[in-house]
Amino acid sequence: MYQLSVFIHIIAACVWVGGQLFMALVVVPALRGWTDPERGRAFSALGRQFRLVGYVALGALVLTGIYNAGQRGVAWSTLANARFYDSEFGQVLTTKVALVVLVFLLSLVHDLKLGPASVKLLNQSEPANEALLRAYRKRASMLARLTMMLSLAIVFLAVALVRGLPW
Ligand code: HEM
C-alpha cells in the first residue's frame, strides 16, 4: 500500500507540475501568433480542462502525501511536538506543505479571478479594453509563472524529504 501511495503521489506530481510546464513551454508560445479572440477561446478551453485535472492531482497529492508522511512516522500528534520542527525532516515537510498551501491559494486567484477576467476581455476585444487586457494578462502570466516556480521548489523539497538536504 505504501509503494502504491508513493506511486500515485509521484504520478499526481507529474500531472500537476508537468501540466504547468506544458502550458508555459508549449501552449503559450504556440498560441502567440493567434488573434486575441482565438487565443481567448483556446486559453479558456485549456485552462478549464487543466483546472479540473490539476485540482484532482492536487487532491491526490494531499491525500497520498498525508499517508506517506504517516508511513514515515508522522502522526497527527507528532505535529504538536516541538521537537518535530527541530528535525530536518520536520522542517522540510513543514516548508513543503506551506508551499503547497500557497500554490493552492495562488492557483485559486489565477483560475477563479484573473484567468476568467482576461478571457472575458479577450472575447470583447473593444479598443477601450486593450490596456486593461494587457494588465490582466500580464498579472495572470506572472501568477502562473510564480505558481510553477513554487511547484518546482516543492519537488526539490520532496527529493530532500526522501534523501536529505544537499547542504
Ligand atoms: C504540489 C504538491 C506536491 C508535489 C508536487 C509533491 C511531490 C513529491 C514527489 C515528487 C515526491 C517523491 C520524492 C522522491 O521520492 O524523491 C514526494 C514525496 C513525498 N511527499 Fe510530496 N508532493 C506534494 C505534496 C505533498 C503534501 C501536501 C504532502 C504532505 C501532506 C507530501 C508528503 C510527501 C512525503 C511524506 C513524501 C515521501 C514519500 C516517501 O516516503 O518516499 N507531499 N512528493
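Could you report region 93-167's accessible area per residue, 1.4 Å probe, as an integer in Å²? Please report the intermediate quantities before stating the final value.
On the way: 4560 Å² over 75 residues.
In whole numbers, region 93-167 has 61 Å² accessible per residue.
Starting from 0.36 nm per residue, how many nanometres of slack lie between Thr94 and Leu21 once their C-alpha separation is accounted for? It would help to have the intermediate numbers written out before the result.
Values: separation 73, 0.36 × 73 = 26.28 nm, distance 2.47 nm.
Fully extending the segment from Thr94 to Leu21 adds 23.8 nm.
When all protein chains stay in place, what accessible area (Å², nearest 10, 1.4 Å probe) is found for Arg51?
My reading of the accessible area for Arg51 is about 70 Å².
Pulled fully out, how much extra length does the chain show between Val162 and Tyr55, if you take 0.36 nm times their separation in residues and subtract their Cα-Cα distance? Could the numbers behind the result be given before it?
On the way: separation 107, 0.36 × 107 = 38.52 nm, distance 2.44 nm.
Length difference between fully extended and current span is 36.1 nm.
For Leu31, what is the net charge nearby, where nearby means another residue's Cβ is under 11 Å from its Cβ and Lys, Arg count +1, Asp, Glu -1?
Values: positive: Arg32, Arg39, Arg41; negative: Asp36, Glu38.
Once positives and negatives cancel, what remains is +1.
For region 9-92, with every protein chain kept in place, what is the accessible area per residue (1.4 Å probe, Å²)?
Working: 5040 Å² over 84 residues.
Ligands and nucleic acids excluded, the result is 60 Å² per residue.
What nm value, rounded to one decimal, do you get for the distance between Ala82 and Leu4 when each label is placed 7 Å out toward the C-beta?
It is 4.1 nm.
For the chain, what's the relative contact order in percent, using C-alpha pairs closer than 8 Å and at least 6 residues apart? It would help to have the intermediate numbers written out before the result.
Working: 111 pairs, mean separation 55.3, N = 167.
Normalised by residue count, the contact order of the chain is 33 percent.
How much of the calculated P(r) for the chain lies past 28 Å, in percent of all Cα pairs?
Details: 4569 of 13861 pairs.
Everything past 28 Å amounts to 33 percent.
Kindly provide the helix-only [θ] at 222 nm of the chain, computed as the sum of -39,500 (n - 2.57) over DSSP H runs of four or more divided by all residues, to the nearest 500 deg cm²/dmol? List each step's numbers first, then the result.
Values: 5 runs with 123 residues, N = 167.
Estimated from H runs of four or more residues: -26000 deg cm²/dmol.
In nm, what is the difference between 0.36 nm times the number of residues separating Arg145 and Ala131 and their Cα-Cα distance?
Values: separation 14, 0.36 × 14 = 5.04 nm, distance 2.11 nm.
Length difference between fully extended and current span is 2.9 nm.
Given charges of +1 on the Cβ of Lys and Arg and -1 on the Cβ of Asp and Glu, with all other atoms neutral, how large is the dipole of the chain about its Cα centre, in debye to the nearest 20?
Using Cβ point charges on Lys, Arg, Asp and Glu, the chain gives about 180 debye.
Dipole of region 2-163 (Lys/Arg Cβ +1, Asp/Glu Cβ -1, origin at the Cα centre): which of Ala140, Gly19, Asn129 lies farthest to the positive side?
Asn129
Going from most exposed to least, what order do Val159, Val56, Val74 have by accessible area with a 1.4 Å probe?
I get Val56, Val159, Val74, largest accessible area first.
The values are calculated or read from the model by the stated rules, or taken from the named source; none is laboratory data. Note that the structure is a prediction, hence the values are computed from the model and not measured. Here the Cβ is made from the backbone with ideal geometry for all residues, glycine too, and neighbour counts use every protein chain on show. Surface areas here come from the heavy atoms of the whole protein model, side chains and all, with no ligands, DNA or RNA. Shrake-Rupley method; radii C 1.70, N 1.55, O 1.52, S 1.80 Å.
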